[in-house]
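For reference, the structure discussed in these notes is given below.
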Amino acid sequence: MDLDSRLTHVAVIGAAGKMGSGITLLMAQEMARLTLLPENKGKLFRLAAIDLDPEALRGLQDYVHSQAVKAAEKNAMSLRAAYADRKDLVENGEIIEDFVRRVDSMVWPSTDLSAAKGARIVFEAIVEKVPVKVAVFKQLRETCDPDAFFFTNTSSVPIGLLDKEVGLGGRIMGVHFYNPPPVQKLVETIRGATTRDDVAQTAAEIGKRLRKTLIPSADVAGFIGNGHFIRDGHHAIAEVEKLAAKHGWPSAVWMMNRVSQDWLLRPMGIFQLIDYVGVDVFQFIEGVMDHYLDEKLTNATINKMMELKAAGGQRPDGSQKAGFFEYERGKITGVYDPAKRVYLPLDPQGWTGAADKALGELPQPFRPWKALLSAPDKDAALALHFKALADQKTLGAELARAYHQCSREIGKGLVSRGVAAKPEDVNGVLTSGFYHLYGPINDYLAAGVSR
């Protein structure tokens, strides 16, 4: 069965969630595009958008509609080519309206898993809990087309384990979109030991159609992206625990967040990133990796944050929930103090200013991540930054050098253990998926820091 035939009936499980909604949008747009082809005239295309929350499904429909309008307006010229044989549609507005109507019509929302009956491609984007995934896949196995292909958006659960537990006969593969799927280019692809070649080929073709950057990972819990992220976060937490003895916990968190963002030129600091992903999600991933790898990967600090209900993550409207930090309109306004169970407001003239002073000046000349992201001289600027970092005698520089070296060793470990096939794959995941300016396995930057 070719891909176009499979795409006549698709299901997304967890469709109204953060990841599922993006996957639903992408697939609805691709399926709508297929309805414009002459050979598909009269064919019924259906995307079963399945989620337990009926209210969230209503929000999903609004989201798909609004995003389809934006995408169609942005790509009006290419749509005109697709509508070349429709002489009844002359104005761009008419074409956009028709295409958005097609996208909307793809989505058939349901709270019942039986709505996936007959689906030939299924995307799963539910909670990172193995028993839940196994139970859902077992029901899908009986419900969907007998030769359906299953793509799980898991960010940590081994694919071979799911296939073994469910008995899908190799019809399952990891297709890990990064958040948000419509924007992020990276997709990690994970073949289990039993994954069939035709399933992998279909995943590759879908990725190509969606214009995604596909980077393969071995089927090892956490894969490349979270294999680095979890260990990277643990390094920051360990440094906080050392700094807290002298500077106090809130100051130590603030300091390490600044070091990882400003000294290492990342889009956000490590604790802000953990909040964005969700402290709860971080804990889930830790637990999976801890269970399947011969390495202690649970963390007392993360467990404590969850006990205190400082879980981070986003609200349905996209605003950031409090975790390590408290936020207002996306800006950090306070740091959590677990001992007092309160958020300590930022105070540039008081404790925050004292923490900044302890770190010392940034490497000079300093240009932040945003300024360097599209800069034509980015590589030269990075080399200059890390050369200056190597020469600094400040606490901030010392912490940054240690952090940079740890990140590099984590990346090299992923290659040596066969999780990543080559250093370029680790670098690609961190630059494409996490928007880092450079990969962790970078010889000239490492030489600049360690010289």
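Could you grab me the full set of residues in the stretch 185-199 that are farther than 13 Å from F223 by Cβ and either touching a strand residue (DSSP E or B) at 6+ places or on another chain (Cβ under 7 Å) or at pLDDT below 95 (or both)?
So in the stretch 185-199, the residues farther than 13 Å from F223 by Cβ come out as 185, 193-199.
Scanning the stretch 185-199 gives K185, T195, V199.
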Kindly establish whether T189 is touching a Pro at 6+ places or on another chain (Cβ under 6 Å) and either free of Cβ contacts under 8 Å to residues at least 12 places away in the same chain or among the polar types (S, T, N, Q) (or both). yes
One residue from G169, G174 being not assigned by TED's automatic domain parsing to the domain that holds T298 and not in a loop (DSSP other than H, G, I, E, B): G174
Number of the condition not met by S319 [criteria: (1) surrounded by fewer than 18 Cβ atoms within 10 Å (Cβ to Cβ); (2) closer than 29 Å to P158 by Cα; (3) within 21 Å of the chain's Cα centre (by Cα); (4) among the small types (G, A, S)]: (2)
Might you check whether a residue that is farther than 26 Å from P180 by Cα, part of a helix (DSSP H, G or I) and either of a type in the set (S, T, Y) or modelled with pLDDT under 95 (or both) occurs anywhere in the stretch 337-350? no
Which one of V157, V166, V122, V134 is among the aliphatic types (A, V, I, L, M) and over 25 Å from the mean Cα position of the chain (by Cα)? V166
Are there any helices (runs of 4 or more DSSP H) wholly within the stretch 1-98 with 2 or more residues that are touching a strand residue (DSSP E or B) at 6+ places or on another chain (Cβ under 8 Å) and β-branched (V, I, T), and if so which? 18-34
Only one of these conditions is not met by D280: (1) of a type in the set (D, E); (2) crowded, with 23+ Cβ neighbours inside 10 Å; (3) more than 19 Å from P345 (Cα to Cα). Which number is it? (2)
Inspect all residues belonging to the stretch 393-410 and state whether any of them is farther than 29 Å from F177 by Cα, at pLDDT below 95, in a loop (DSSP other than H, G, I, E, B) and not charged (D, E, K, R). no
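One line per residue, one yes/no per condition, for (1) touching a residue at least 40 places away in the same chain (Cβ under 8 Å); (2) of a type in the set (D, E, K, R); (3) touching a strand residue (DSSP E or B) at 6+ places or on another chain (Cβ under 9 Å); (4) under 22 Å from A402 (Cα atoms):
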{"site": "G330", "(1), (2), (3), (4)": "no, no, yes, no"}
{"site": "T333", "(1), (2), (3), (4)": "no, no, yes, no"}
{"site": "Y336", "(1), (2), (3), (4)": "yes, no, yes, no"}
{"site": "A339", "(1), (2), (3), (4)": "yes, no, no, no"}
{"site": "V342", "(1), (2), (3), (4)": "no, no, yes, no"}
{"site": "G350", "(1), (2), (3), (4)": "no, no, no, no"}
{"site": "K357", "(1), (2), (3), (4)": "no, yes, no, yes"}
{"site": "W369", "(1), (2), (3), (4)": "yes, no, no, yes"}
{"site": "L372", "(1), (2), (3), (4)": "yes, no, no, no"}
List every residue pair whose Cβ atoms sit under 7 Å apart, with the two residues 6 or more apart in sequence or on different chains, where the first one lies in the stretch 216-230 and is surrounded by fewer than 24 Cβ atoms within 10 Å (Cβ to Cβ) and the second, anywhere, is among the hydroxyl-bearing types (S, T, Y) and in a strand (DSSP E or B). P216/T189
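Please tell me if V157 is of a type in the set (A, V, I, L, M), assigned by TED's automatic domain parsing to the domain that holds V127 and surrounded by fewer than 24 Cβ atoms within 10 Å (Cβ to Cβ).
No.
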Filter result for D262 (among the acidic types (D, E) and in contact with a Ser or Thr (Cβ under 7 Å, 6 or more places away or on another chain)): no
Verdict on V136 being farther than 18 Å from Y292 by Cβ, in contact (Cβ under 8 Å) with a residue 12 or more places away in the chain, among the hydrophobic types (A, V, I, L, M, F, W, C) and buried (at least 19 other Cβ atoms within 10 Å of the Cβ): yes
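The values are calculated or read from the model by the stated rules, or taken from the named source; none is laboratory data. As the structure is a computational prediction, the values presented were derived from the model and not from experiment. FYI the Cβ positions are ideal-geometry reconstructions off the backbone, even for glycines, and counts take in every protein chain you see.
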